[in-house]
1. First select every other residue whose beta carbon is under 15 angstrom from the beta carbon of B:Gly63; then total the charges, Lys and Arg +1, Asp and Glu -1.
2. Which shape class applies to chain B: rounded if a/c is under 1.5, otherwise prolate when a/b exceeds b/c and oblate if not, where a ≥ b ≥ c are the square roots of the Cα gyration tensor eigenvalues?
3. Could you give the length gained on full extension between B:Val52 and B:Ser80, defined as 0.36 nm per residue of separation minus the Cα-Cα distance, in nm?
4. Between A:Ser74 and B:Arg44, what's the calculated FRET efficiency when r is the beta-carbon distance and R0 is 25 Å? Round to 0.05.
5. Would you kindly derive the ³J(HN,Hα) couplings of the stretch B:10-22 from the backbone phi angles with the Karplus curve 6.51 cos²θ - 1.76 cosθ + 1.60 (θ = phi - 60°), listing them in order in whole Hz, with x for Gly and Pro?
6. Along the Cα→Cβ direction, 7 angstrom out, place labels at B:Ile113 and B:Ala98. What is the inter-label distance in nm?
Amino acid sequence: AQKVTQAQTEISVVEKEDVTLDCVYETRDTTYYLFWYKQPPSGELVFLIRRNSFDEQNEISGRYSWNFQKSTSSFNFTITASQVVDSAVYFCALSEVGDTGNQFYFGTGTSLTVIP
Amino acid sequence: DGGITQSPKYLFRKEGQNVTLSCEQNLNHDAMYWYRQDPGQGLRLIYYSQIVNDFQKGDIAEGYSVSREKKESFPLTVTSAQKNPTAFYLCASSIEDAYNQPQHFGDGTRLSIL
């Protein structure tokens, strides 16, 4: 079973529209971390945010915001007033302490295209 | 600037040939990782190293080998035993191999078969 599910494979929006990228995770641990990364066409994954399982406060950073809901095991990412530079693949990831040590699980990514 | 440098950016392998991908970091991070990325898939862990002179197999280690002789360097060798090596390879590092630490990535090496 997938530990991290990003059901949206590809999304296209017109510039200045808002867009939400969904992330659903699965874990039995009570303590874990969630991450979002951005992968622009250059290939490097850029770390965007880390959230621990005890902090359900939403976070806003400029045009980016994250909504963490333990009740639905979701950690969704919203870009407000999207720009062409936001075009990238976005990965959600889960980190937990597994049976054999720390485990880092990536979703399959959501490819976002912002059309000018 | 501190960061992770992967080289080369593009690499071509002939049948039966071993090739080595370089990964160097100047972040003074203890932990380093190698991932493979295939189209439409997430990242899959090949090998990781928590500290110098130590490394562990990840989920898809078969056909790959690594070494960690220096803290800054974690080269990956794709051996001839890896029958489907065409992929994008990403190296990452973190301050330590702890589940609360984000990983920082290089800009990848794209490997293709000739």
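None of the figures in this text is laboratory data; all of them are computed from the coordinates on show. Treat the numbers as computed from the prediction; the structure is a model and nothing was measured. Cβ placement follows ideal geometry from the backbone for every residue including glycine, while neighbour counts extend to all protein chains displayed.
1. Values: positive: B:Arg13, B:Arg36, B:Arg44, B:Lys57, B:Lys83; negative: B:Glu15, B:Asp38, B:Asp59, B:Glu62.
Net charge in that neighbourhood comes out at +1.
2. prolate
3. On the way: separation 28, 0.36 × 28 = 10.08 nm, distance 2.60 nm.
Working it through step by step, the gained length comes to 7.5 nm.
4. Once the sixth-power term is evaluated, E becomes 0.60.
5. Listing the rounded values in order: 10, 9, 10, 10, 8, 4, x, 9, 8, 9, 10, 9, 9 Hz.
6. 4.3 nm
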